[in-house]
Structure formats: C-alpha cells, structure tokens
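Below is one structure; the comments refer to it alone.
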C-alpha cells in the first residue's frame, strides 16, 4: 500500500470513529496554518494544531504587539 493510501485510510478511519464536533481548523489570522486537527483535549478548548509550531508563533506575535504598544505609550 502506498503512503498516500495509508494517509487517506487513516483520515477516513479517524472521521468514522471521532467526534466530528471536535474537528477544528488552526486559525490562520492568529498565526496558525489553517490545517484541520482533532481536538482531543479534555474540555475541547485546543486552539492550534501544534502548540510548538502554530501556538508558539501566535503567542510570540501577540507578545511583540504588546511590547510595541507599551513602547509607543511610554513617556
């Protein structure tokens, strides 16, 4: 079986067995990639596909914006 076939089979299996209300899209406007992911967190509040990639860059971007705003407002 080819790798793309395995990926497609795994995706179909996940869609058949998973709670589809937990399928989310990584938020592009907030620095995410736009890919779909399955939120398997206990309370269903996961925001990014991977915290190490998309979540980290989004948080770094917000921190930079806050620091810029603080410098602009400083006397």
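Just so you know, all these numbers are worked out from the coordinates, no wet-lab data involved. Values in this document were obtained by computation on a predicted structure and should not be read as measured data. Counting neighbours? That spans all protein chains shown, and the Cβs are built from the backbone with ideal geometry, glycine included.
Hey, could you pull the Cα Rg and Dmax for segment 19-73, both in Å?
That works out to 13.6, 46 Å for Rg and Dmax.
In degrees from 0 to 90, rounded to the nearest 10, what is the angle of the helix 3-17 Cα long axis to the longest principal axis of the chain?
On a 0 to 90 degree scale, this one is about 90.
Okay, helix-only estimate at 222 nm for the chain: each DSSP H run of n ≥ 4 adds -39500 (n - 2.57), divide by all residues, round to 500 deg cm²/dmol; what do you get? Before the final figure, lay out the partial values.
On the way: 2 runs with 33 residues, N = 75.
Counting only the DSSP helices, I get -14500 deg cm²/dmol.
Going by alpha carbons, how many degrees (0 to 90, nearest 10) lie between the helix axis of 56-73 and the longest principal axis of the chain?
20 degrees
Set the Förster radius R0 to 35 Å, insert the Cβ-Cβ distance between residue 59 and residue 21 as r into 1/(1 + (r/R0)^6), and round the FRET efficiency to 0.05. List each step's numbers first, then the result.
Values: r = 26 Å, r/R0 = 0.74.
The formula returns an efficiency of 0.85 here.
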